[in-house]
Every structure is written in structure tokens, then in C-alpha cells.
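Q: Okay, here's the structure, questions in a sec.
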Amino acid sequence: MKRYELIVIGAGPAGLSAAIEAASHGMPVIVFDENPRPGGQLFKQIHKFFGSKEHRAKERGFRIGRQLLEEARRMGVEVMLQATVLGIYDGKEVSVMRDGQVEHFKANNIIIATGASEKMVPFSGWTLPGVIGAGAAQTMMNLHGLKPGNKVLMVGSGNVGVVVGYQLMQAGCKIEAVIDGAPRVGGYGVHAAKLARLGVPFYLSHTIKEAKGKICVEGATIVKVDSTWQAIPGSEKVLDVDTICIAVGLSPMSQLARTAHCDMENNAGKGGLVSICNEYGETSTPGVYAVGDVAGIEEASSAMIQGKIAGVAVSHSRGYLDTADFNNQVAQHQRSLKQLRQGMFGHREKGQNDPTQTEEGYPLSRTLLERGYLAEEELQNYPGVRFQKGQGVRPVVECTQNIPCNPCQDACKRGCITVSGKITNLPAVDEAVECTGCGMCVVSCPGQAIFLVDDTLAPGYSGVSIPYEFSPLPAEGSKGLALDRSGRVLGEVEVTTVKQSRVMDETAILTMKVPGDWSMKVRSFQPY
């Protein structure tokens, strides 16, 4: 039986971060993962992360995954793949199934970072081919280059639903609708707005009644629900879809924590059954830790910091780190984690609030919450929208919710955009600072909520620059349709410039020449 100082179970963002942290202090570490490749969910995530520079904001998930793997190799972390951990037993003994054989290992400390599994919602026809989870859709698209379907119904408007919905459209699918039983969008408004301006309708207070078809999905019936979540007779709608994508939440994969005799609790705010942990991630079983989604559903950025805290704690407990360094490092990581847990989507707010205003007192957009897009008449309520005619090129920041994110401030070297105070405060545009039109704020925004408007482009015309992440890129001089925030077609426009470079991380800036009175309306482009 082999013995290790530290066994980490799960090679996702939390597990790799924990292993790297412990190994950096000299501790021998082995990581077990049941998958054929490490990285967990990171390699499915082609979108950019939120947060600040220390949280890897504006970096894409798969790039972070590559960096973690390289760092783990550099630190000498041993990663054993296609190794399924069957249980954790007395004396911190771990049984592992590998190549059809069961092997046994012992450890001084164990970090459980097994992540979460997708929840499903049963309905008539839910076992038909064509009904898939959002994670499965991401695996097909972003790992294997396969298109999951042609016409898709997305069930769930949380961050997973709206992010994966956008990625489905990037893969060439058409999203016929996003539905949710709740009366408001569950995910970040900026994510929902990306779909809405592409013409995707949101049906809130709706659930799926049935999938049509005998051998595969050939349609879907949705129905409106009342305040008690009961279907309203006669409110059914039939959608022509061939794929139903389910994104109704995640459940912590806490089975191993139970085999280790950890004290458990059923915590709806954390996603279900989780182990009870202290501030370092240690469970009631001494030397056994739980980090990442297995300890409570959060974003990958939070999971990585939790992993680091556990790695520091284990290193200190085994004498690899003195108390002063331990206290200092834990305090830094906990401050960073606290930042990510602030705001209206914060760790303590999950399912507990129905806000009507931002933390600064600005009214929240009801249109955004109920339809997925900002109404034009609401724009002037927010500090990021300070556009005045005749100023030339100016940024318009349509970020209206308290989300932990500030890369726009770092991107603007002149200080035109600021996020003062807390990281969750709304970005503000300083009218007194000249904008050069470089576009770095546009490409740095993970929510694609920043646009450049130039009302001095030509007499009677304005330039509108938008972030663009579809392939192929339109050619300069080509024409297409301009769409507003709700996805309504305004009319034909011409593409004047398309800028893309490595520093923009594959996000292009597409500039359109539009009639002057469209400058604060146009937010999307549809090629012919």
C-alpha cells in the first residue's frame, strides 16, 4: 500500500489549485481523477472569467486550465488519470479503481475536490435522444467540436443556461427560446443580454411540459406556471426544436465525504448535501478537506481560491509552512474569496433576494430581469452610460448589476472607466476624460457589455463598435442587419472596420456605420 502526504481527489480547478499550493511548499502530492484528461470543467469554458486580475478576470477558462496543468507539472504533482476513487475509509485509506484493478493508498491528508453533477428535471419524453444537459452540450462543442443540434430549447436561465446558450449559438445552433420557472432571469444580466440582442426570446414563469417525438426530439411543449409553480391550463406553447438542453442547477458530488464519515448538511444555498467545513475547508473528519463545488456550488474562480486555502492549511498542518506565513497567505486568499462572494449574486444571497435596486441605490432594470435586455429608456439611470452628442468616440458601459468584476477599469489606461470602492460597484464613465477609441475596454469585458459610440463619424451617421465572437468574421465593407438590445432588426448597415489581435484574446471589435439616431440602439450585427 502506497502512502502519500496528500491525496487530492479531482483534477478540476479546485483540486489542481490545492495540489499546486501544497506542492509549492515542498509537500509530495498525488491527484486522482476518473477522467481521461485533467482540468475538470475548465476545458469546456471558452468564455472569459469575471472578477479582478488576481481572480484571472478576462481570461478564458480553457487557457487557465492549461496554465494550471503546466504549473502542476512544474511543481512535481503526480496526476493519475482514469482512476476512480471508490471510497475513503478509516485511517485515511483510499481505494482506487484503475485498469480494472483496485489499489489502496494511504494519506496523512485528503482533499476532496470531486465537483458537481448536473441536475435533471423529469417531463414526458425526457429520455428521448436530443434531451441533453448543458455540461454535455459543452463537452460536445468545446472538447469534441460537435454541434449538439440545430434548433435548441434552453431550460434554465441561470449562468450555466445563458452562457451555454451563447456558446451553442457560436457553434451554429439556433436558440428558439430560454425558459425558466422563476419570474426573473437567474444568471447575470450581461449574459442574458448577449442572447437577447441576438433575437433569443425569454419565457420566464414557464416550464417544459413535454418533448415531442417517438425516436428523438421533434418539438417541445412549454407551459406557463403560477406563483405556486403550478401549470396554467391553456397557456401551452409548442416550439419547433430538435434539442432540449437542461440547465437547472448542479448537485455537489459529496458521496466520498459521506464514506469518510464527515458531518453533512442539506444546504439549499450550496446546492444540496455538503459536508460541514471550517474556514480552511476542513471537514469534521480531521485531515479531510472539501473544496470547490463539492463544498457548495460557486464559480470556478471561487473554487480555485478554496483549493489554495486548503493547500496552505494542509502544508501548515504538516510543518511545511510556519504559522506567520500560514496566517498571511490564508488572509490574502480569504480577502480575495470574499470579493467574489459580494454583490446581488453573492454566496449568501443565493435564492434569498429579489432586489429592486443596486447597492449604490440605482433602480434595477425590470426589463433586464424579466426579458433579458435593457430598455433604452432605462439607460440613463446608470453611471456607465454618460453619452452626450457631439463628444466623439465614447464608451457606453451597459453593466447594471452588482457583479464582482473590474477588468474594464484596468483596460482603460486613461481612467475613462472606473470601478471605485468595492469590486461589485457599477462601472462609471468620466465625461471629462478623453477616450481614444482603442477598444481595450470592449474586449476586456467578460460580459460583453461595453460598446463604443462615435457620433462624429460622418454627417448624419455614427460609428458603433461591438464585441464580436462569431466565425467567420465579416469583411470590412460588407453589409448585414443591425439589431437592437431586444434582437429587433433595425435595418441594413455597413461594416467599416474589424479589429482582432492576440492581445484581444480572439475577441474582435466590429464597427458599423449606422444612421445617427441609431447610435444608442444598435448592439448586434447579423451577417447576410
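The values are calculated or read from the model by the stated rules, or taken from the named source; none is laboratory data. Keep in mind that this is a model prediction, so the values were computed, not measured. In this analysis, Cβ positions are derived from the backbone assuming ideal geometry, glycine residues included, and neighbour counts consider all displayed protein chains.
Q: Return the residues of the range 299-329 that are farther than 20 Å from Met27 by Cα and either assigned to a loop (DSSP other than H, G, I, E, B) or free of Cβ contacts under 8 Å to residues at least 12 places away in the same chain (or both); say none if nothing qualifies.
A: Hit for the range 299-329 is Glu299, nothing else.
Q: Quick check on my filter: what residues within the range 137-151 are closer than 20 Å to Met120 by Cα and without any contact (Cβ under 8 Å) to a residue 12 or more places away in the chain?
A: Correct list: Met140 only.
Q: A further question on this structure: Considering each residue of the range 70-91, count those that are in a loop (DSSP other than H, G, I, E, B) and under 16 Å from His104 (Cβ atoms), and give that number.
A: Final tally of qualifying residues: 3.
Q: Being within 17 Å of Glu236 (Cα to Cα) and hydroxyl-bearing (Ser, Thr, Tyr) is the filter here; which residues of the range 164-213 pass it?
A: Matches in the range 164-213: Tyr203, Ser205, Thr207.
Q: Sticking with this structure for a sec: So Glu34 ticks every box in (1) crowded, with 24+ Cβ neighbours inside 10 Å; (2) modelled with pLDDT of 90 or more but one. Which box is left unticked?
A: Among (1) crowded, with 24+ Cβ neighbours inside 10 Å; (2) modelled with pLDDT of 90 or more, Glu34 violates only (1).
Q: Here is a check on your reading of the model: is Gly40 within 23 Å of Ala136 (Cα to Cα) and crowded, with 20+ Cβ neighbours inside 10 Å?
A: Judged against the criteria, Gly40 is a match.
Q: Additional query: Counting just the residues of the range 357-402 that are of a type in the set (Gly, Ala, Ser) and over 26 Å from Gly199 (Cβ atoms), which one comes out modelled with the highest pLDDT?
A: Applying the filter and picking the extreme gives Gly361.
Q: Can you tell which of Val238, Val248 is more than 25 Å from Ser336 (Cα to Cα), at pLDDT 95 or above, aliphatic (A, V, I, L, M) and assigned to a loop (DSSP other than H, G, I, E, B)?
A: On inspection, the qualifying residue turns out to be Val248.
Q: Still on this structure: Please determine whether any residue of the range 91-101 is closer than 30 Å to Gly161 by Cβ and either assigned by TED's automatic domain parsing to the domain that holds Gly12 or surrounded by 17 or more Cβ atoms within 10 Å (Cβ to Cβ) (or both). Working first, answer last.
A: In the first step, residues of the range 91-101 are kept if they are closer than 30 Å to Gly161 by Cβ; the result is none.
No; the residues of the range 91-101 include none that is closer than 30 Å to Gly161 by Cβ and either assigned by TED's automatic domain parsing to the domain that holds Gly12 or surrounded by 17 or more Cβ atoms within 10 Å (Cβ to Cβ) (or both).
Q: Further question on the same structure: Taking the stated definitions as given, is Ala11 of a type outside the set (Lys, Arg) and either assigned to a helix (DSSP H, G or I) or assigned by TED's automatic domain parsing to the domain that holds Gln138 (or both)?
A: no
Q: I would also like to ask the following. Which one of these is without any contact (Cβ under 8 Å) to a residue 60 or more places away in the chain, within 20 Å of the chain's Cα centre (by Cα), surrounded by 21 or more Cβ atoms within 10 Å (Cβ to Cβ) and more than 12 Å from Ile111 (Cα to Cα): Gly343, Gly296?
A: On the way: Gly343 fails: without any contact (Cβ under 8 Å) to a residue 60 or more places away in the chain.
The match here is Gly296.
Q: Restricting the range 467-487 to residues that are surrounded by fewer than 21 Cβ atoms within 10 Å (Cβ to Cβ) and farther than 20 Å from Leu168 by Cα, which is nearest to the chain's Cα centre (by Cα)?
A: Asp484
Q: Out of the range 406-444, which residues are among the small types (Gly, Ala, Ser) and either over 24 Å from the mean Cα position of the chain (by Cα) or part of a loop (DSSP other than H, G, I, E, B) (or both)?
A: Selection gives Gly415, Ser420, Gly421, Ala432, Gly437, Gly439.
Q: Output the number of the condition that Pro122 fails; it satisfies all remaining conditions of (1) in contact with a helix residue (DSSP H, G or I) (Cβ under 9 Å, 6 or more places away or on another chain); (2) part of a loop (DSSP other than H, G, I, E, B); (3) within 24 Å of Leu273 (Cα to Cα); (4) not aliphatic (A, V, I, L, M).
A: (1)
Q: If I go through the range 471-484 residue by residue, how many of them are closer than 15 Å to Arg197 by Cα and at pLDDT below 95?
A: 0
Q: Please go through the range 330-347 and pick out each residue that is in a helix (DSSP H, G or I) and not β-branched (Val, Ile, Thr).
A: Within the range 330-347, Ala331, Gln332, His333, Gln334, Arg335, Ser336, Leu337, Lys338, Gln339, Leu340 qualify.
Q: Now, a different point. With the requirement that a residue be buried (at least 20 other Cβ atoms within 10 Å of the Cβ) and of a type in the set (Asp, Glu), what does the range 200-256 give you?
A: Matches in the range 200-256: Asp242 only.
Q: Hey, among Glu359, Glu378, which residue is outside the structural domain of His47 (by TED's automatic domain parsing), closer than 19 Å to Ile423 by Cα and in contact with a Ser or Thr (Cβ under 7 Å, 6 or more places away or on another chain)?
A: Matching residue, one of Glu359, Glu378: Glu359.
Q: Here is a further query. Quick check: anything in the range 252-265 closer than 23 Å to Gly372 by Cα and either under 26 Å from the mean Cα position of the chain (by Cα) or in the same structural domain as Gln41 (by TED's automatic domain parsing) (or both)?
A: no
Q: Can you tell me which residues in the range 308-340 are among the small types (Gly, Ala, Ser) and farther than 23 Å from Glu93 by Cβ?
A: Listed by number, the residues that qualify are Ala324, Ala331, Ser336.
Q: Pairs needed: first member in the range 29-43, in the same structural domain as Lys106 (by TED's automatic domain parsing); second member anywhere, polar (S, T, N, Q) and in a strand (DSSP E or B); C-beta distance under 6 Å; at least 6 residues apart or different chains.
A: Glu34/Thr84
Q: If Ile110 satisfies all but one of (1) touching a residue at least 40 places away in the same chain (Cβ under 8 Å); (2) not assigned by TED's automatic domain parsing to the domain that holds Ala268, what's the number of the condition it fails?
A: The single condition Ile110 does not satisfy is (2).
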